[in-house]
Structure formats: C-alpha cells, structure tokens
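What follows is a single structure, written as structure tokens, with notes after it.
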Amino acid sequence: MVTTNSKFFDELAKLMGNAATAAQGVRKEVDTLVQGQVERVLNNLNVVKREEFDVVKEMAEKARSENEDLARRIADLESRLGKTESA
C-alpha cells in the first residue's frame, strides 16, 4: 500500500512538473505575441524609440548651449563696437 501511494505521488509530482513547464512555455509565447503586437501598434502611431529620443535631446541641448555661447559673444562684440563708435 505504501508503494502504491508513493508511486501515485511520484506520478502526480511529474504531472505537476510537466504542467508547470508547459505553463512557462505558454507564458513565453504569449509574452512574445503581446510584445510583437505592442511594437506594431507603436510603429503605427509613429512613436519614437527611447534611444532616438535621447539622441535628439542631446542634439537640442548642444544646440541650445552653442546658441547661448554665440549670444554672449555677439553681446560682447556689440558692446566693444559701441565703445569704439562712441570714442
């Protein structure tokens, strides 16, 4: 009787292990399908990727900094020009 119960529980454990493995496989497949659908939707909405956004953001920050530097240089040159003209 003990052997029968042990064998039953061994088989039950194998069945549960197989079910868990199958569930993990299904989960991975569903994740892949959902990710593919989300990517298609985002592409249809023309949403930019994070990497592209970061590159453009850096470009804008650099351009802003260069514009500020140029504005300071222009102001400096204008003040020098003003001093020269008044003298």
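Key figures
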quantity: Pairs where the first residue, in segment 41-62, is of a type outside the set (A, V, I, L, M, F, W, C) and the second is surrounded by 10 or more Cβ atoms within 10 Å (Cβ to Cβ), C-beta under 8 Å, 6+ apart; calculated: none
quantity: Residue check for VAL38: at pLDDT below 90 and within 25 Å of the chain's Cα centre (by Cα); calculated: no
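The values are calculated or read from the model by the stated rules, or taken from the named source; none is laboratory data. For clarity, every value in this text was computed on a predicted model and none was experimentally measured. No Cβ is skipped: glycine too gets one built from the backbone with ideal geometry, and neighbour counts run over all protein chains shown.
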